1. Provide the convex hull volume over Cα atoms per residue for segment A:90-155, in Å³.
2. Label-point separation (nm) for B:Asp148 and B:Phe166, each offset 7 Å from Cα along Cα-to-Cβ?
3. Using a cut-off of 26 Å between alpha-carbon atoms, which lysines can reach B:Lys208, once sequence neighbours fewer than 8 places away in the same chain are excluded?
4. Given contacts defined as C-alpha pairs under 8 Å and at least six residues apart, what's the relative contact order of segment B:115-266, whole-number percent?
5. So for each of A:183-196, B:157-170 I average, over its residues, the number of other beta carbons within 10 Å; can you give me the resulting order with the highest mean first?
6. Counting only complete DSSP H runs, which helices of chain B cover 30 Å or more along their long axis at the Cα atoms and score a mean Kyte-Doolittle of 0.5 or above?
7. Pop a pseudo-label 7 angstrom from the Cα along the beta-carbon direction at both B:Gln157 and A:His111 and give the gap in nm to one decimal.
8. Between A:Arg46 and B:Ile102, how many nm apart are label points set 7 Å from Cα along the C-beta direction?
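Here, each number is a calculation from the coordinates, and none is a lab measurement. For clarity, every value in this text was computed on a predicted model and none was experimentally measured. In this analysis, Cβ positions are derived from the backbone assuming ideal geometry, glycine residues included, and neighbour counts consider all displayed protein chains.
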Amino acid sequence: MIDIIDATKVYDNGVKGINGLSLFIEQGEFVFIVGSSGSGKSTLVRLLLREIEATEGSIIVDGQDLSALKRRDMPYYRRKLGVVFQDFRLLRNKTVFENVAFAMQIVEATHREIRRTVPQVLNLVGLSRKARSYPDQLSGGEQQRTALARAIVNSPPLLIADEPTGNLDPGTAWEIMTLLEDINDRGTTVVVATHAKEIVDNMQKRVVALRNGVIMSDEEMGGYNDEI
Amino acid sequence: MKFRTLSYYLREAARNLIKNRLMSVASILTVASCILIVSVFYCLAANVDFFLGQLEESIQVSVFLRDDVSVEGVQELNSRIHAIPHVVNVVYVSPDEAFEDIKAGMGNPALFDGLSGKDVLPRSFDVEIDDIRNQPDVINALESLSADGVENIRHSQELADGVRVFSDLLRVVCVVLIIILGVISIVIIINTIRITVNARKTEINIMKYVGATDWFIRWPFVVEGVLIGFLGGLIPSVACWFLYGYAVGAIPELIPLISFVKFRPGYDIFMYLLPFDLLLGMFIGIIGSVFSVRKHLKV
Ligand SMILES: Nc1ncnc2c1ncn2[C@@H]1O[C@H](COP(=O)(O)OP(=O)(O)OP(=O)(O)O)[C@@H](O)[C@H]1O
Ligand SMILES: [Mg+2]
């Protein structure tokens, strides 16, 4: 699903966000990307979203070589990805329902499809009763559930999350991670960059640890290594 | 574009206009003010132009005939003058008619009792020319007819030149002013709309992450710009219509000295001004929103 070969990202100021990193992720995997602050997790995520471009090396996602992606094809590439951020990034003037429906309007889904699918997805993330609320009226956990619902409503093959639980208390964080696991169980490849040591330790997934833009360890059923 | 997508754009635009109503009203008023200035100026210019047109029409060339020209000769001359390029109309004025005109213009017609036109006045043609600029050419052509019985040509070259220079100047000033005001309003509008767009920067950003195409993001803003521009063009047109009606009634009363001036009829002005204002407004609105959104689309 993801094939990163010798990728390096040099920022304008000369800092290397990631440095000669290679990583292969199989379809259907659940992978944690961990590492201390500044280790390059977000850089990796932004590269996958094609928000930034690799300075060197190649990144291939779902068969698409990102360096060959034309500007006008970017929206269509991004529709294959579900994205979740630490700060939720919901449209504040739209209700929960509309935020989720928005992702479907973009792909020109019919009203019928929207009316059928959105409640299902909201049900999946446990937000059915908040469909008419605006983001400002929701707790952090509920906002992140909304973002999750939006990310998966078009059934993308790949879900990428950058610190999805960064703003949430441990209990809520667990609920969100469990949801991510559910989504993974339904076949979606999930990549989560996170700091949440406890969760990573408990979930027994593949863990890729970064430091200074380089992979330090890559373990199946790994834990959050304190030395990283 | 699918119909539901179109309806999405319209709903989004309407909704944003209402959500940011303060900004929307500010934008509409900004466009409206600029267009109002253009409109008022247009009304003025249209009337000066109208007045000049009247003046031009009144500047006729009178061609007086020798007494020995026969009736056939008059007819012959009539058609030859007609054939001169730029001559629009030729009217034969019999001495009696000319005399009646003079009498009517005098304070005391009784003075002329007992006299008939033939005794005092020659026969003449009033020659109307399409454009005052062509008067010299026509005069030349008329002068070459002197062998056929033209005795005398009366015209006012200075007045003609004055009117011509003035109306040329007016047209240039008009175009320049409309361009300047148009550019100023576009700049103001881009800035006004930019503020609303900046407020929605994160929103645009999110849309891009979810995979919206540039046009999907842009269209609601364009529709918004069109609506703002439409209202911004409609308001000054309507305001101008009422102002104009009022001014046409009030000015002659206020300044009796110029009460002889005829105003261009309202419909004659607004037939052009209304569509012009609406199109200008929508153009400004579209340019404004497209420019403002552009910056944020590069994510
Ligand atoms: N836009 C940028 N311009 C310059 N340098 C940057 C930029 N973004 C990140 N960096 C640098 O790249 C390195 C990796 O940053 P990155 O954001 O990927 O770290 P991170 O692992 O996500 O950290 P955190 O856990 O704090 O989110 C850091 O040294 C950072 O200072
Ligand atoms: Mg980060």
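1. Residue-normalised Cα hull volume stands at 71 Å³.
2. With each label placed 7 Å out from Cα toward Cβ, I get 3.5 nm.
3. Within reach: A:Lys9, A:Lys16, A:Lys41, A:Lys70, A:Lys80, A:Lys94, A:Lys130, B:Lys2, B:Lys19, B:Lys295, B:Lys298.
4. Numbers: 27 pairs, mean separation 16.6, N = 152.
Relative contact order here is 11 percent.
5. Numbers: A:183-196: 19.9, B:157-170: 14.1.
Order by mean packing, descending: A:183-196, B:157-170.
6. Result, helices passing both filters: B:21-58, B:157-199, B:214-254, B:266-294.
7. Here the answer is 7.7 nm between the modelled labels.
8. 9.5
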